[in-house]
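Since the structure comes first, as structure tokens, the remarks are kept for the end.
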Amino acid sequence: MKKKLLALLLACMALTALLAGCGGDVKAPAKKAAAPLKELKVTYVKAPLNIPSIVDKTNQTIVKGFEKDGTKVSFPEITSGAKQTEALAAGSLDIASCLGGTSAILAASNGADVKVVGIYSRAPKAFNIMVKDPAIKTAADLKGKRVAGPKGTILHQVLAAALAKEKLSLKDVEFRSTGIPAGINALLAGETDAALAAGAEVLRAQRAGARILANGDGLVNATIVVGVSGKFLKEHPEAVKKYMALHQESIDFMKKNPDKAYEFTAKETGLSIDDVKLMAPWYDFTTAITEKDIKDLEETQEFLLANDMQKKKIDIKSILAEVK
């Protein structure tokens with residue numbers, strides 16, 4: 001009897017091992033699924049000339065795309081890069097659709113969990129140094145002169161690069177930090193010798209008698225990125241992936257229907273269609289992150305470090321998390 005019981009026990013043990021090895025009914029514990037995303041918070045920034053964002057707003061591409069998943073999309077209008085990264089860190093914003101590379105780097109260097117998941121635009125010709133005085137012919141002539149514009153931005157970097165080309169630095173000019181419209185107003189009123197301008201403000205300055213002294217072409221690639229909260233990316237990678245795909249749909253619409261896209265943009269910005277057509281070629285909206293983009297972001301970091309706007313150096317590649 002004991003021998004029969006032992007044989008039966010051994011047979012049961014062998015059968016259990018066989019079932020486990022063949023994947024029978026023995027299963028690993030299932031991972032807990034992420035909670036459904038009820039709301040997605042994405043910034044809406046239309047300036048200087050963010051045609052894909054304007055196309056999306058008009059066509060409601062992102063809203064309709066996420067509606068199928070039961071996700072409501074809201075679009076807080078936060079234009080300041082610093083405030084966008086603060087909102088990402090606080091969890092009151094999920095995706096910064098159009099974030100300056102300078103802002104992303106500064107936030108990350110200060111410990112914020114910000115990730116770059118794609119490029120929004122590159123537009124070196126859109127970021128300009130404007131002057132009125134005919135005696136100012138090159139950036140070298142800015143030595144000792146007054147310059148107004150937003151500090152710690154791509155425009156500020158363009159100024160630094162233009163001066164460096166002439167073996168000068170930001171210390172060689174009297175720089176005053178202002179918003180773009182305020183800087184142009186100061187230039188037109190004779191209260192400053194040069195002003196930093198982008199987008200439609202460039203045209204406004206030109207029509208009032210100012211001219212372009214230099215821009216980012218050949219100096220700074222003017223990289224604008226798509227930033228997300230690292231926590232949000234970890235918890236909702238599919239939502240970020242879907243967002244980028246829907247954003248691409250707006251870019252594709254713009255390419256296939258340029259006249260419609262320009263019409264939408266003119267209506268949203270108050271520009272004429274001719275002005276939109278004039279400025280549109282300045283922008284490259286390809287979203288893929290290239291080696292050139294990485295190099296530009298690294299150069300941006302060097303600008304921030306050299307001018308005491310950034311204290312801690314980071315590995316630029318550590319903040320990149322491109323989704324496909």
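Observations on the model:
- Scanning the stretch 197-225 for residues that are open to solvent by less than 20 Å² (accessible area, probe 1.4 Å), in a loop (DSSP other than H, G, I, E, B) and at negative phi returns ALA210, GLY216, VAL220.
Residues are listed down the side, and each one gets a yes or a no for (1) in contact with a strand residue (DSSP E or B) (Cβ under 6 Å, 6 or more places away or on another chain); (2) in contact (Cβ under 8 Å) with a residue 12 or more places away in the chain; (3) within 22 Å of ASP193 (Cα to Cα):
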position: ASN110; (1), (2), (3): no, yes, no
position: PHE127; (1), (2), (3): yes, yes, yes
position: ILE136; (1), (2), (3): no, yes, yes
position: ALA140; (1), (2), (3): no, yes, yes
position: LYS143; (1), (2), (3): no, yes, yes
position: ARG146; (1), (2), (3): yes, yes, yes
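- Boolean, THR287 is modelled with pLDDT of 95 or more, open to solvent by less than 50 Å² (accessible area, probe 1.4 Å) and in a loop (DSSP other than H, G, I, E, B): yes
- Residue selected from the stretch 65-82 under the condition assigned to a loop (DSSP other than H, G, I, E, B) and closer than 17 Å to TYR44 by Cα, by the criterion modelled with the highest pLDDT: PHE75
- Some residue of the stretch 132-147 being at pLDDT below 95 and either open to solvent by less than 20 Å² (accessible area, probe 1.4 Å) or in a helix (DSSP H, G or I) (or both): no
The rows are residues; the columns are (1) open to solvent by 60 Å² or more (accessible area, probe 1.4 Å); (2) within 28 Å of ALA107 (Cα to Cα); (3) free of Cβ contacts under 8 Å to residues at least 24 places away in the same chain; (4) of a type in the set (A, V, I, L, M).
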site	(1), (2), (3), (4)
GLU166	yes, no, no, no
GLY183	no, yes, no, no
ALA195	no, yes, no, yes
GLY227	no, yes, no, no
TYR243	no, yes, no, no
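- Search result, residues across the stretch 62-96 that are within 15 Å of GLU39 (Cα to Cα), open to solvent by 50 Å² or more (accessible area, probe 1.4 Å) and without any contact (Cβ under 8 Å) to a residue 24 or more places away in the chain: LYS64, GLU67, LYS68
- Some residue of the stretch 230-238 being in a helix (DSSP H, G or I), farther than 30 Å from VAL147 by Cα, open to solvent by 60 Å² or more (accessible area, probe 1.4 Å) and among the basic types (Lys, Arg): yes
The values are calculated or read from the model by the stated rules, or taken from the named source; none is laboratory data. Quantities reported herein were computed from a predicted structural model and do not represent experimental measurements. So basically every Cβ, Gly included, is an ideal-geometry build from the backbone, and we count neighbours across all protein chains shown. Accessible surface is based on the protein model in full, side chains and every heavy atom, while ligands, DNA and RNA are left aside. Shrake-Rupley method; radii C 1.70, N 1.55, O 1.52, S 1.80 Å.
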